[in-house]
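Presented below is the structure to which this report refers.
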Ligand code: G7M
(Lines give C-alpha, C1' and ligand atoms only; values in the text may rest on other atoms or scores of the structure.)
Protein backbone atom coordinates (compact mmCIF):
# COMPACT_ATOMS: atom_id res chain seq x y z
CA UNK A 1 0.00 0.00 0.00
CA UNK A 2 1.51 3.35 -1.00
CA UNK A 3 1.16 6.15 1.55
CA UNK A 4 0.95 9.90 1.27
CA UNK A 5 0.01 12.79 3.57
CA UNK A 6 -2.66 14.78 1.84
CA UNK A 7 -5.13 17.38 2.94
CA UNK A 8 -8.25 15.28 2.85
CA UNK A 9 -10.46 17.88 1.14
CA UNK A 10 -9.98 16.12 -2.16
CA UNK A 11 -10.35 12.59 -0.90
CA UNK A 12 -13.36 10.38 -0.81
CA UNK A 13 -14.57 7.23 0.85
CA UNK A 14 -15.71 8.81 4.03
CA UNK A 15 -16.02 7.03 7.27
CA UNK A 16 -18.66 5.80 9.46
CA UNK A 17 -20.92 8.03 11.42
CA UNK A 18 -24.62 8.68 11.44
CA UNK A 19 -25.72 11.19 8.85
CA UNK A 20 -27.65 14.34 9.75
CA UNK A 21 -29.42 16.33 7.14
CA UNK A 22 -30.71 19.82 7.68
CA UNK A 23 -34.10 20.31 9.34
CA UNK A 24 -35.42 23.79 8.86
CA UNK A 25 -36.02 24.83 12.52
CA UNK A 26 -32.42 24.20 13.53
CA UNK A 27 -30.86 25.29 10.24
CA UNK A 28 -28.35 28.13 10.54
CA UNK A 29 -28.84 28.82 6.83
CA UNK A 30 -32.26 30.43 7.36
CA UNK A 31 -31.00 33.22 9.58
CA UNK A 32 -27.25 33.68 9.30
CA UNK A 33 -26.00 37.16 8.31
CA UNK A 34 -22.44 37.11 9.66
CA UNK A 35 -20.10 34.87 11.63
CA UNK A 36 -20.29 36.69 14.97
CA UNK A 37 -22.17 33.72 16.42
CA UNK A 38 -19.49 31.22 15.39
CA UNK A 39 -17.33 29.77 18.14
CA UNK A 40 -14.15 28.27 16.72
CA UNK A 41 -13.10 24.88 18.11
CA UNK A 42 -10.40 23.68 15.73
CA UNK A 43 -8.52 24.65 12.60
CA UNK A 44 -8.91 21.43 10.65
CA UNK A 45 -6.75 22.52 7.72
CA UNK A 46 -4.94 25.65 6.61
CA UNK A 47 -4.14 25.31 2.94
CA UNK A 48 -1.72 28.04 1.88
CA UNK A 49 -1.74 26.88 -1.76
CA UNK A 50 -5.48 27.24 -2.06
CA UNK A 51 -5.57 30.15 0.38
CA UNK A 52 -8.32 28.43 2.31
CA UNK A 53 -8.99 27.39 5.90
CA UNK A 54 -11.30 24.68 7.19
CA UNK A 55 -12.68 25.40 10.63
CA UNK A 56 -14.83 23.42 13.03
CA UNK A 57 -16.93 25.01 15.73
CA UNK A 58 -20.46 25.74 16.84
CA UNK A 59 -23.05 28.51 16.46
CA UNK A 60 -24.26 29.96 19.77
CA UNK A 61 -27.85 30.06 18.64
CA UNK A 62 -28.07 26.58 17.12
CA UNK A 63 -27.44 23.01 18.13
CA UNK A 64 -24.79 20.88 16.51
CA UNK A 65 -21.30 21.20 15.15
CA UNK A 66 -20.47 23.33 12.16
CA UNK A 67 -17.77 23.49 9.54
CA UNK A 68 -16.86 26.84 8.06
CA UNK A 69 -14.66 26.90 4.96
CA UNK A 70 -13.14 30.27 4.04
CA UNK A 71 -11.40 30.65 0.70
CA UNK A 72 -9.87 33.72 -0.91
CA UNK A 73 -11.29 33.90 -4.41
CA UNK A 74 -9.48 34.21 -7.72
CA UNK A 75 -9.29 37.58 -9.47
CA UNK A 76 -12.28 38.20 -11.74
CA UNK A 77 -11.03 39.59 -15.06
CA UNK A 78 -14.13 41.77 -15.41
CA UNK A 79 -12.93 43.70 -12.33
CA UNK A 80 -9.52 44.35 -13.85
CA UNK A 81 -10.24 47.43 -15.91
CA UNK A 82 -9.37 51.09 -15.58
CA UNK A 83 -12.77 51.98 -14.10
CA UNK A 84 -12.53 49.46 -11.27
CA UNK A 85 -11.66 50.34 -7.69
CA UNK A 86 -8.33 48.55 -7.98
CA UNK A 87 -7.14 51.64 -9.83
CA UNK A 88 -8.69 54.46 -7.84
CA UNK A 89 -7.87 56.15 -4.53
CA UNK A 90 -10.57 54.03 -2.86
CA UNK A 91 -7.80 51.44 -2.52
CA UNK A 92 -4.45 52.17 -0.93
CA UNK A 93 -0.94 50.74 -0.88
CA UNK A 94 1.18 50.23 2.22
CA UNK A 95 4.88 50.10 1.40
CA UNK A 96 6.89 47.26 2.95
CA UNK A 97 10.24 48.00 1.34
CA UNK A 98 11.95 49.25 -1.77
CA UNK A 99 15.21 47.99 -3.24
CA UNK A 100 16.44 49.64 -6.42
CA UNK A 101 13.64 49.17 -8.99
CA UNK A 102 11.76 46.63 -6.82
CA UNK A 103 9.01 47.58 -4.42
CA UNK A 104 6.98 45.34 -2.11
CA UNK A 105 3.53 46.53 -0.91
CA UNK A 106 0.39 45.43 0.80
CA UNK A 107 -2.68 46.52 -1.11
CA UNK A 108 -5.91 47.28 0.69
CA UNK A 109 -8.73 47.29 -1.80
CA UNK A 110 -12.43 48.00 -1.43
CA UNK A 111 -14.07 45.14 0.45
CA UNK A 112 -16.23 44.00 -2.50
CA UNK A 113 -13.05 43.17 -4.40
CA UNK A 114 -11.94 40.98 -1.52
CA UNK A 115 -14.77 38.48 -1.33
CA UNK A 116 -14.08 35.39 0.71
CA UNK A 117 -16.00 32.40 -0.58
CA UNK A 118 -17.61 30.85 2.47
CA UNK A 119 -19.12 27.40 2.76
CA UNK A 120 -20.96 26.46 5.93
CA UNK A 121 -21.94 22.90 6.74
CA UNK A 122 -24.41 22.78 9.61
CA UNK A 123 -25.29 20.60 11.37
CA UNK A 124 -22.06 18.80 10.49
CA UNK A 125 -21.54 15.17 11.40
CA UNK A 126 -18.32 13.80 12.82
CA UNK A 127 -17.87 12.31 9.36
CA UNK A 128 -17.83 15.80 7.80
CA UNK A 129 -15.28 17.00 10.35
CA UNK A 130 -13.21 13.95 9.56
CA UNK A 131 -13.43 14.63 5.81
CA UNK A 132 -11.93 18.09 6.16
CA UNK A 133 -9.17 17.22 8.66
CA UNK A 134 -5.59 16.59 7.56
CA UNK A 135 -4.83 12.91 7.80
CA UNK A 136 -2.33 10.35 6.66
CA UNK A 137 -3.59 8.71 3.47
CA UNK A 138 -2.89 5.48 1.59
CA UNK A 139 -3.44 4.30 -1.96
CA UNK A 140 -5.24 0.97 -2.21
CA UNK A 141 -5.38 -1.05 -5.42
CA UNK A 142 -9.00 -2.10 -5.37
CA UNK A 143 -9.56 -5.38 -7.24
CA UNK A 144 -13.16 -6.36 -8.10
CA UNK A 145 -13.00 -8.84 -5.21
CA UNK A 146 -11.88 -6.18 -2.71
CA UNK A 147 -14.65 -3.94 -4.02
CA UNK A 148 -17.37 -6.58 -3.64
CA UNK A 149 -16.19 -8.05 -0.33
CA UNK A 150 -15.07 -4.96 1.58
CA UNK A 151 -15.70 -1.62 -0.11
CA UNK A 152 -19.27 -2.16 -1.34
CA UNK A 153 -20.65 -3.36 2.03
CA UNK A 154 -18.81 -0.48 3.72
CA UNK A 155 -20.15 2.21 1.45
CA UNK A 156 -23.66 0.78 1.52
CA UNK A 157 -23.66 1.31 5.29
CA UNK A 158 -21.52 4.39 5.66
CA UNK A 159 -21.98 6.74 2.73
CA UNK A 160 -22.82 10.46 3.02
CA UNK A 161 -26.47 11.39 2.62
CA UNK A 162 -27.53 12.07 -0.98
CA UNK A 163 -30.29 14.44 0.12
CA UNK A 164 -28.65 17.49 -1.50
CA UNK A 165 -28.48 15.59 -4.81
CA UNK A 166 -32.17 14.60 -4.65
CA UNK A 167 -33.06 18.20 -3.71
CA UNK A 168 -31.42 19.35 -6.94
CA UNK A 169 -33.07 16.64 -9.05
CA UNK A 170 -36.47 17.46 -7.53
CA UNK A 171 -35.97 21.25 -7.87
CA UNK A 172 -36.21 21.68 -4.10
CA UNK A 173 -32.80 23.38 -3.81
CA UNK A 174 -30.57 25.34 -6.20
CA UNK A 175 -33.35 25.37 -8.83
CA UNK A 176 -32.49 28.97 -9.78
CA UNK A 177 -28.88 27.85 -10.35
CA UNK A 178 -29.71 25.11 -12.87
CA UNK A 179 -27.71 25.77 -16.00
CA UNK A 180 -29.26 22.98 -18.05
CA UNK A 181 -31.73 20.14 -17.65
CA UNK A 182 -32.40 17.14 -19.85
CA UNK A 183 -35.47 15.53 -18.29
CA UNK A 184 -35.06 12.11 -19.94
CA UNK A 185 -35.30 9.68 -17.00
CA UNK A 186 -32.66 7.31 -18.39
CA UNK A 187 -30.11 9.46 -20.21
CA UNK A 188 -30.96 12.89 -18.80
CA UNK A 189 -29.15 14.99 -16.22
CA UNK A 190 -29.11 18.34 -14.47
CA UNK A 191 -26.14 20.67 -14.74
CA UNK A 192 -25.47 23.06 -11.83
CA UNK A 193 -22.48 25.07 -10.62
CA UNK A 194 -20.42 23.03 -8.17
CA UNK A 195 -20.57 24.16 -4.54
CA UNK A 196 -16.87 25.01 -4.81
CA UNK A 197 -17.29 27.44 -7.73
CA UNK A 198 -17.46 31.11 -6.85
CA UNK A 199 -18.51 32.09 -10.36
CA UNK A 200 -15.38 33.47 -12.06
CA UNK A 201 -14.85 31.98 -15.50
CA UNK A 202 -11.19 31.27 -14.72
CA UNK A 203 -12.25 28.70 -12.12
CA UNK A 204 -15.33 27.38 -13.96
CA UNK A 205 -16.64 24.26 -12.25
CA UNK A 206 -19.98 22.63 -13.00
CA UNK A 207 -21.51 19.29 -12.12
CA UNK A 208 -23.70 17.12 -14.34
CA UNK A 209 -25.92 15.00 -12.10
CA UNK A 210 -27.60 11.97 -13.64
CA UNK A 211 -31.38 11.63 -13.32
CA UNK A 212 -30.91 7.91 -12.68
CA UNK A 213 -30.58 7.06 -9.02
CA UNK A 214 -29.16 3.57 -9.19
CA UNK A 215 -25.63 4.25 -10.45
CA UNK A 216 -23.28 4.59 -7.50
CA UNK A 217 -19.96 5.19 -9.19
CA UNK A 218 -17.53 4.26 -11.96
CA UNK A 219 -17.67 0.66 -10.70
CA UNK A 220 -21.32 0.30 -11.80
CA UNK A 221 -20.81 1.63 -15.32
CA UNK A 222 -21.31 -0.76 -18.24
CA UNK A 223 -22.14 -0.63 -21.95
CA UNK A 224 -25.74 0.08 -20.94
CA UNK A 225 -24.66 3.50 -19.64
CA UNK A 226 -22.79 4.63 -22.78
CA UNK A 227 -25.76 6.66 -24.13
CA UNK A 228 -26.02 8.45 -20.76
CA UNK A 229 -22.27 9.19 -20.58
CA UNK A 230 -22.18 10.40 -24.20
CA UNK A 231 -25.26 12.53 -23.68
CA UNK A 232 -23.65 14.17 -20.61
CA UNK A 233 -20.44 14.80 -22.54
CA UNK A 234 -22.11 16.15 -25.68
CA UNK A 235 -24.77 18.36 -24.06
CA UNK A 236 -22.54 19.46 -21.19
CA UNK A 237 -19.94 20.74 -23.65
CA UNK A 238 -22.58 22.47 -25.79
CA UNK A 239 -24.17 24.19 -22.79
CA UNK A 240 -20.84 25.47 -21.47
CA UNK A 241 -19.89 26.72 -24.92
CA UNK A 242 -23.17 28.61 -25.33
CA UNK A 243 -23.32 30.02 -21.81
CA UNK A 244 -19.68 30.62 -20.91
CA UNK A 245 -17.93 30.70 -24.29
CA UNK A 246 -15.47 27.89 -23.52
CA UNK A 247 -14.76 25.16 -26.09
CA UNK A 248 -14.97 21.49 -25.15
CA UNK A 249 -11.20 21.26 -25.68
CA UNK A 250 -10.74 23.74 -22.82
CA UNK A 251 -12.59 21.56 -20.35
CA UNK A 252 -11.44 18.83 -17.98
CA UNK A 253 -14.42 16.46 -17.79
CA UNK A 254 -14.04 13.68 -15.24
CA UNK A 255 -15.45 11.39 -12.58
CA UNK A 256 -13.99 10.75 -9.15
CA UNK A 257 -13.09 7.35 -7.82
CA UNK A 258 -13.93 7.00 -5.02
CA UNK A 259 -16.49 9.79 -5.15
CA UNK A 260 -17.70 11.49 -1.97
CA UNK A 261 -21.31 11.00 -3.06
CA UNK A 262 -22.46 7.70 -4.54
CA UNK A 263 -24.86 9.01 -7.18
CA UNK A 264 -23.45 9.31 -10.70
CA UNK A 265 -22.18 12.81 -11.46
CA UNK A 266 -19.56 14.22 -13.81
CA UNK A 267 -17.28 17.18 -13.09
CA UNK A 268 -16.77 19.87 -15.78
CA UNK A 269 -13.84 22.21 -15.01
CA UNK A 270 -11.89 24.80 -16.94
CA UNK A 271 -8.69 23.04 -18.00
CA UNK A 272 -6.47 25.77 -16.62
CA UNK A 273 -8.11 25.59 -13.19
CA UNK A 274 -6.38 23.18 -10.84
CA UNK A 275 -9.46 22.20 -8.85
CA UNK A 276 -9.15 19.89 -5.84
CA UNK A 277 -9.44 16.22 -6.83
CA UNK A 278 -7.92 16.36 -10.32
CA UNK A 279 -4.86 14.28 -9.50
CA UNK A 280 -4.14 10.87 -11.03
CA UNK A 281 -5.18 8.92 -7.95
CA UNK A 282 -8.74 10.22 -8.12
CA UNK A 283 -9.82 11.74 -11.46
CA UNK A 284 -10.93 9.60 -14.43
CA UNK A 285 -11.48 11.51 -17.65
CA UNK A 286 -14.95 10.91 -19.08
CA UNK A 287 -13.48 10.27 -22.56
CA UNK A 288 -11.26 7.53 -21.15
CA UNK A 289 -14.20 6.02 -19.30
CA UNK A 290 -16.31 5.93 -22.47
CA UNK A 291 -13.44 4.49 -24.49
CA UNK A 292 -12.68 1.78 -21.90
CA UNK A 293 -16.30 0.64 -21.88
CA UNK A 294 -16.41 0.65 -25.68
CA UNK A 295 -13.38 -1.66 -25.69
CA UNK A 296 -14.75 -3.90 -22.96
CA UNK A 297 -18.40 -3.59 -21.87
CA UNK A 298 -17.66 -4.76 -18.30
CA UNK A 299 -14.29 -2.99 -18.01
CA UNK A 300 -15.18 -1.32 -14.69
CA UNK A 301 -16.34 -4.57 -13.16
CA UNK A 302 -13.02 -6.23 -14.09
CA UNK A 303 -10.38 -3.57 -13.65
CA UNK A 304 -8.29 -2.86 -10.56
CA UNK A 305 -9.01 0.72 -9.52
CA UNK A 306 -6.60 2.47 -7.17
CA UNK A 307 -8.13 4.88 -4.68
CA UNK A 308 -7.08 6.90 -1.67
CA UNK A 309 -8.21 6.05 1.82
CA UNK A 310 -7.54 7.91 5.04
CA UNK A 311 -5.80 6.08 7.83
CA UNK A 312 -8.48 6.78 10.44
CA UNK A 313 -11.25 5.72 8.12
CA UNK A 314 -13.22 2.60 9.11
CA UNK A 315 -12.68 1.39 5.57
CA UNK A 316 -8.94 1.46 6.12
CA UNK A 317 -9.38 -0.57 9.30
CA UNK A 318 -11.59 -3.05 7.42
CA UNK A 319 -8.94 -3.39 4.71
CA UNK A 320 -6.27 -3.92 7.36
CA UNK A 321 -8.34 -6.54 9.15
CA UNK A 322 -8.63 -8.53 5.92
CA UNK A 323 -4.87 -8.25 5.51
CA UNK A 324 -5.20 -6.16 2.32
CA UNK A 325 -2.73 -3.52 3.40
CA UNK A 326 -0.05 -6.14 4.07
CA UNK A 327 -0.45 -7.63 0.61
CA UNK A 328 0.03 -4.33 -1.18
O1 LIG B 1 -16.06 13.63 -5.00
P2 LIG B 1 -17.34 13.70 -5.75
O3 LIG B 1 -17.17 13.24 -7.16
O4 LIG B 1 -18.45 12.96 -5.05
O5 LIG B 1 -17.71 15.23 -5.83
C6 LIG B 1 -18.89 15.79 -5.36
C7 LIG B 1 -18.94 17.24 -5.78
O8 LIG B 1 -20.20 17.77 -5.37
C9 LIG B 1 -17.87 18.12 -5.16
O10 LIG B 1 -17.15 18.78 -6.18
C11 LIG B 1 -18.65 19.09 -4.27
O12 LIG B 1 -18.09 20.37 -4.22
C13 LIG B 1 -20.02 19.09 -4.92
N14 LIG B 1 -21.10 19.38 -3.97
C15 LIG B 1 -21.22 18.88 -2.73
N16 LIG B 1 -22.36 19.35 -2.17
C17 LIG B 1 -22.82 19.00 -0.84
C18 LIG B 1 -22.98 20.16 -3.07
C19 LIG B 1 -24.19 20.93 -3.04
O20 LIG B 1 -24.95 20.97 -2.07
N21 LIG B 1 -24.47 21.64 -4.19
C22 LIG B 1 -23.63 21.62 -5.28
N23 LIG B 1 -23.99 22.35 -6.33
N24 LIG B 1 -22.50 20.91 -5.32
C25 LIG B 1 -22.17 20.17 -4.22
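Yes/no matrix, rows are residues, columns are (1) over 20 Å from the mean Cα position of the chain (by Cα); (2) modelled with pLDDT of 90 or more; (3) in a loop (DSSP other than H, G, I, E, B):
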position: 18; (1), (2), (3): yes, no, yes
position: 21; (1), (2), (3): no, no, yes
position: 34; (1), (2), (3): yes, yes, yes
position: 39; (1), (2), (3): yes, yes, no
position: 54; (1), (2), (3): no, yes, no
position: 66; (1), (2), (3): no, yes, no
position: 83; (1), (2), (3): yes, no, yes
position: 97; (1), (2), (3): yes, yes, no
position: 103; (1), (2), (3): yes, yes, no
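Screening residue 132 on (1) over 20 Å from residue 265 (Cα atoms); (2) within 15 Å of the chain's Cα centre (by Cα); (3) at pLDDT 95 or above shows it passes everything except condition (3). Look at (1) within 12 Å of the ligand (Cβ to nearest atom); (2) surrounded by 19 or more Cβ atoms within 10 Å (Cβ to Cβ); (3) not in a helix (DSSP H, G or I) and you find that residue 173 fails only one, number (2). Working only within region 145-196, note down all residues that are more than 24 Å from residue 128 (Cβ to Cβ) and without any contact (Cβ under 8 Å) to a residue 12 or more places away in the chain. Correct list: 145, 148, 171, 175, 176, 181.
Residue-by-condition table, conditions (1) closer than 28 Å to residue 197 by Cα; (2) at pLDDT below 95; (3) in the same structural domain as residue 170 (by TED's automatic domain parsing); (4) more than 16 Å from the ligand (Cβ to nearest atom):
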residue: 216; (1), (2), (3), (4): yes, no, yes, no
residue: 236; (1), (2), (3), (4): yes, no, yes, no
residue: 276; (1), (2), (3), (4): yes, yes, yes, no
residue: 302; (1), (2), (3), (4): no, no, yes, yes
residue: 313; (1), (2), (3), (4): yes, yes, yes, no
residue: 318; (1), (2), (3), (4): no, yes, yes, yes
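For region 188-209, how many residues meet the condition of being more than 12 Å from the ligand (Cβ to nearest atom) and under 20 Å from residue 262 (Cβ atoms)? Going through region 188-209 one residue at a time, the tally reaches 2.
The values are calculated or read from the model by the stated rules, or taken from the named source; none is laboratory data. Computed from a predicted model, the values in this text were never measured in an experiment. For neighbour counting, all protein chains shown are included, and Cβ atoms are generated from backbone atoms with ideal geometry for every residue, glycine included.
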